[in-house]
Amino acid sequence: MEAPACDRARAVRLNRHEKPVPLDLSHHYSVVTKRRVPSKIKEAYKFFQIPGILNIAGGSSQTAKPERWTPSPNHPSESTASSSSSSSDPAAASHISVPKTLDESDPLKKIDLATALQYGLAQGYPPLLSWVRQFTRENLHPDTPYRDGPEVVLTCGSTDGFSKTLNLFVDQWTEGINDISERPGMLCEPYVYTNVLSQAQPLGVQVVPVKADPSGMAVGGPGGLEDVLANWDTSKGKRPHLMYTVTLGHNPTGIVLSVERKKEIYAVCSKYDVIIVEDEPYWYLQFPSAAAEEAKSRDQPPPPPVTPHKASRSSGYPFLDSLTPSFLAIDVDGRVVRLDTFSKTVAPGCRLGWITSQPALAERFERISEATTQQPSGFVQGLISELVLGGGSASSKQHNQRARSAFARLLTSRDQAAFAGWDTSGWVRWLEGLRGSYERRMARMCRTLDAGSHLLTTSPVVSSSSSSVKGDDENDEWSPLQAISKTRLYSYAWPRGGMFIWLRVHLEAHPLWMVPCPNPRFPPVLGGPLLSAALMVWLTTKPFLVLVATGSMFSADDAIREEEGWAYYRICFAAEAEENVDRAAERFVEGVHKFWAVRDVRVIEKLLGELSATGEVEETGIGEDVTRMGWFMGC
């Protein structure tokens, strides 16, 4: 009998006295593993290797006093937002410590690493789980309309939460093995966070984009939610039973979905029995000043006042009451699964979040956690517990010390989870200050972008004029005049929430649009996708040195990517240090303006060659101090 190929290969290596190369075991890969493709975001990581790059993609937030940042007004008519506490030095950082172990059983110091680092409940570390549950039920979603309200389960961040949601609701589908009628589908907006696609598609999930308008996912009309579900073609698979959406500061478009639109979407989902997965890492970043400031920046009439949503039950905090609420506020069926995270409020590397859902679903999520991640990192849970329970004003700290004592006397996990004696004011003040900081950053960057959105060019014209002042021989004079043309380079709406500006570059107005491209490596003409990619690389070269994310990365499918995704760029105003916000916007504007002066096709080809190159960054003028606007927190 002939020896297996792997044995023969091993024998050849041994005969050569070589250290063996690991065998190729890809024939053992699961179908799901074979379907996984590299992250579209990480394809641009080569640019992070540039010496001196301002790289904060993997950085952590500094723990500070809750009053470190000044809140912004909750409504446009307000002059300032109130602060629940004061400090002699609000900008000073504070430090927290979690003891390794405690000999005494002092309930006021119940949080220690010896406790947090033990195997624990899959729901999460009891004190933190209790605090998150209270904050979620009493402050975030105080008026959830189903009996007994929602439950929470801690996760290793929103990506982990979505992975567990797919585990709960999706059966793997494989072409050639499973019937097409069994293929699951997932509804989403035309542009979506790319890692969601990377999680769903290897399972065989069919991604189904729903048409969107400036207000968010469309409900009626061709391509709207009702049209997609009512006229579903079963030859393509099962009618989608899952929807993924970011409604409050959408990534990447910055849209905040109104309560009215949410009600319309929810009614359709209820009609067709669709689970709504609401991923809300940016829910606290809603910008009430955006509409008025946008009009002011563009010399337009002020927008009509908007009547704020009034919840049936107050959260206890004006800031939280002023925010557009979650789908949970109208979830009479219990079909909403909400994903929250500390990654955007504390530090992206902490990898800690929670799922909010009806109790029966929460129980299933807990079973999934028990068999997969178990509970999140004990180090992180201990740190966040001390942050949220030990922060805030002196009165808040004293209150939570008493609460810890009461919590420590509870004997059962059920009683601990139901405990509701925590003071959450310090955390709310932290969120309020963060919103103020990001809202001001957003406005500064948008004003700079507004000022540079058009390219003004002049060209000489000849005009005849007559004069009777001088002699007859001088009656006919020719005076050179300058004709001014105005070209719109890009357009966008000021984001109403989130961390991103979604900007459309009008590449169809570029001088090289659809010009023949002689290089056989590229398509025959310079269309939108090529010019878009070239512009992205162009912006990373001196003197611009700014990196943005292209819309192609967020396109829900190939059709959207090819038709219009290439025309968009996502710009993050939260990524850079405070002192670099204005500089980053100015560099982007300058780079786009200078790109319009490019008339040589060979320049475009060289830029495209840099983008397609592998390995180390080539010596093509990409140098130090690149300001990164597009790549923040891996999102």
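Cβ-Cβ below 8 Å, separation at least six or inter-chain, first residue in region 140-168 and assigned by TED's automatic domain parsing to the domain that holds Pro359, second in a strand (DSSP E or B) and among the aromatic types (Phe, Trp, Tyr): which pairs?
Hits for this filter: Val152/Trp354; Val153/Trp354; Leu154/Trp354; Thr155/Trp354; Gly161/Trp354; Phe162/Tyr244.
If a residue must be of a type in the set (Lys, Arg), within 17 Å of the chain's Cα centre (by Cα) and at pLDDT 95 or above, how many such residues does region 327-358 contain? Explain how you work it out, then say what you get.
Of region 327-358, the ones of a type in the set (Lys, Arg) are 335, 338, 344, 351.
Those still in the list that are within 17 Å of the chain's Cα centre (by Cα) too: 338, 344, 351.
Now drop any that are not at pLDDT 95 or above, which leaves 338.
Adding up the residues that qualify gives 1.
For the structure I just gave you, tell me whether Ala92 is outside the structural domain of Leu352 (by TED's automatic domain parsing), among the hydrophobic types (A, V, I, L, M, F, W, C) and at pLDDT below 90.
Spelling it out, Ala92 is indeed outside the structural domain of Leu352 (by TED's automatic domain parsing), among the hydrophobic types (A, V, I, L, M, F, W, C) and at pLDDT below 90.
Just the residues that are in a helix (DSSP H, G or I), touching a Lys or Arg at 6+ places or on another chain (Cβ under 6 Å) and crowded, with 23+ Cβ neighbours inside 10 Å, please, taken from region 151-192. Give the derivation first.
So the first thing to find is which residues in region 151-192 are in a helix (DSSP H, G or I), and the list is 158-169, 180-182.
From what's left, touching a Lys or Arg at 6+ places or on another chain (Cβ under 6 Å): 168.
None - no residue of region 151-192 is in a helix (DSSP H, G or I), touching a Lys or Arg at 6+ places or on another chain (Cβ under 6 Å) and crowded, with 23+ Cβ neighbours inside 10 Å, so the list stays empty.
Given Gly254, Gly237, which one is under 25 Å from Ala329 (Cβ atoms), surrounded by 18 or more Cβ atoms within 10 Å (Cβ to Cβ) and touching a Lys or Arg at 6+ places or on another chain (Cβ under 8 Å)?
Just one listed residue meets the conditions, Gly254.
Keeping to region 303-318, report how many residues are modelled with pLDDT of 90 or more and under 22 Å from Ala291 (Cβ atoms).
3
Would you check if Ala584 is assigned to a loop (DSSP other than H, G, I, E, B), surrounded by 21 or more Cβ atoms within 10 Å (Cβ to Cβ) and not β-branched (Val, Ile, Thr)?
So Ala584 fails the test.
The values are calculated or read from the model by the stated rules, or taken from the named source; none is laboratory data. None of these values were measured; they are calculated from a predicted model. Every residue, glycine as well, gets a Cβ built from its backbone with ideal geometry; the counts of neighbours run over all protein chains shown.
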